[in-house]
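Asks: Structure in structure tokens, see below.
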Number of protein chains: 2
Amino acid sequence: MYSIGELARLTGVKVPTIRYYEQMGLVDAVERTSGNQRRYSRAELQRLSFVRHSRDLGFTIEDIRELLELSQHPEQSCSDAHSIAVRHLADTRARIKKLKSLERELRRLARCDADSIQDCAVIETLADHGVCEGDH
Amino acid sequence: MYSIGELARLTGVKVPTIRYYEQMGLVDAVERTSGNQRRYSRAELQRLSFVRHSRDLGFTIEDIRELLELSQHPEQSCSDAHSIAVRHLADTRARIKKLKSLERELRRLARCDADSIQDCAVIETLADHGVCEGDH
DNA sequence: ATAATTCCTCTAGTTACTATAGGTTCAAGG
DNA sequence: CCTTGAACCTATAGTAACTAGAGGAATTAT
């Protein structure tokens with residue numbers, strides 16, 4: 001049995017965030033001690049790890065709710081989980097593309113060595129969309 | 001002179017967002033018609049483009065406020081603008097790294113062709129951090 | 001037993017918008 | 001000139017995913 005603080009340490013999810021996840025229905029409202037403190041089992045630890053991991057991968061809370069739902073009905077086809085992942089993959093590729101073009105541009109900006117704002121590439125580039133290399 | 005709607009069309013920033021930016025001090029509270037409607041000049045169009053462009057690149061509103069401040073004091077050194085860009089570059093590289101490892105993993109997940117949840121790689125991978133390839 | 005730490009709930013704040021309600025003004029056509 | 005429909009106005013509230021703070025109770029360590 002873990003206290004909420006231990007669970008937080010073990011999963012890397014902050015204490016208030018665990019309580020928030022409980023509100024959102026991502027972790028169960030577990031049993032309490034006589035003094036009203038939450039006590040978590042190993043199962044809850046795993047569930048929270050699942051949630052944390054999913055959040056790290058950029059799934060929304062709504063996505064995770066679906067995924068948890070699915071994982072609790074093992075008889076169903078996995079095509080729903082599959083489609084959530086595919087949808088997410090497209091997103092992710094778009095984000096990578098955008099960020100790469102951003103990185104190119106920032107690298108250029110960060111090379112700025114002008115003495116005054118007049119000649120600063122950062123300001124210039126931001127002001128003039130035509131100067132951009134990428135397609136953001 | 002542009003109405004707020006024209007400005008929105010020209011910059012790709014939605015009307016309510018322009019009003020929001022005005023509240024946030026990113027665009028000026030411009031003159032109004034006798035009927036209290038905003039009328040923008042070409043200068044405001046450029047300023048809003050700067051803002052939009054900066055947001056696209058992922059700068060926060062606070063960052064942009066600083067950048068605008070800097071761009072209005074051309075006598076200062078550009079080192080502040082520079083450091084904002086550099087800070088942002090580090091962020092961006094970290095995000096790219098994370099997303100790439102995410103993409104690898106999602107690609108793997110999306111290949112899932114199991115018939116039931118039991119064998120679904122999506123659920124499995126999310127549940128078990130040890131299975132991951134990346135370092136998220 | 002007492003002190004330090006951790007826990008509890010509840011409310012409000014954060015970022016960057018987006019949506020809605022209820023009302024006014026503008027521009028075009030008759 | 002007048003009407004009508006689109007675009008405008010303000011103000012409030014909602015969104016996601018937390019984070020912070022107040023004020024107080026329980027647990028743990030000495």
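The values are calculated or read from the model by the stated rules, or taken from the named source; none is laboratory data. The shown structure was predicted, so the numbers you read here are calculated from the model rather than taken from an experiment. Cβ sites come from the backbone with ideal geometry, for glycine too, and all protein chains shown count toward neighbours.
Asks: I want to confirm something. Restricting to the range B:1-52 and keeping residues that are polar (S, T, N, Q) and within 8 Å of DNA strand D (Cβ to nearest atom), which single residue is nearest to the other protein chains (Cβ to nearest Cβ)?
Replies: Restricting to residues being polar (S, T, N, Q) and within 8 Å of DNA strand D (Cβ to nearest atom), the top hit is B:3.
Asks: Is it the case that some residue within the range B:66-79 is within 12 Å of DNA strand C (Cβ to nearest atom), surrounded by 18 or more Cβ atoms within 10 Å (Cβ to Cβ) and at the interface with another protein chain (Cβ under 9 Å from one of its Cβ atoms)?
Replies: No, that holds for no residue.
Asks: Next up: Name, by its number, the condition in (1) in a helix (DSSP H, G or I); (2) at pLDDT below 75; (3) facing chain A (nearest Cβ under 7 Å); (4) surrounded by 15 or more Cβ atoms within 10 Å (Cβ to Cβ) that does not hold for residue B:89.
Replies: Of (1) in a helix (DSSP H, G or I); (2) at pLDDT below 75; (3) facing chain A (nearest Cβ under 7 Å); (4) surrounded by 15 or more Cβ atoms within 10 Å (Cβ to Cβ), only one is false for residue B:89: (2).
Matching residues to (1) modelled with pLDDT under 95; (2) more than 30 Å from residue A:96 (Cβ to Cβ):
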residue: B:20; (1), (2): no, no
residue: B:56; (1), (2): yes, no
residue: B:60; (1), (2): yes, no
residue: B:73; (1), (2): yes, yes
residue: B:78; (1), (2): yes, no
residue: B:83; (1), (2): yes, no
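Asks: Please specify each residue of the range A:92-102 satisfying the condition of being within 22 Å of residue B:81 (Cα to Cα) and at pLDDT 75 or above.
Replies: A:100
Asks: Continuing with the same structure: Of all residues in the range B:2-22 being among the hydroxyl-bearing types (Ser, Thr, Tyr) and more than 8 Å from DNA strand C (Cβ to nearest atom), which is farthest from residue B:43 (Cα to Cα)?
Replies: By that ranking, first place goes to B:11.
Asks: Now for a different question. Out of all the residues in the range B:12-56, which are of a type in the set (Ser, Thr, Tyr) and not in a loop (DSSP other than H, G, I, E, B)?
Replies: B:17, B:20, B:21, B:40, B:49, B:54
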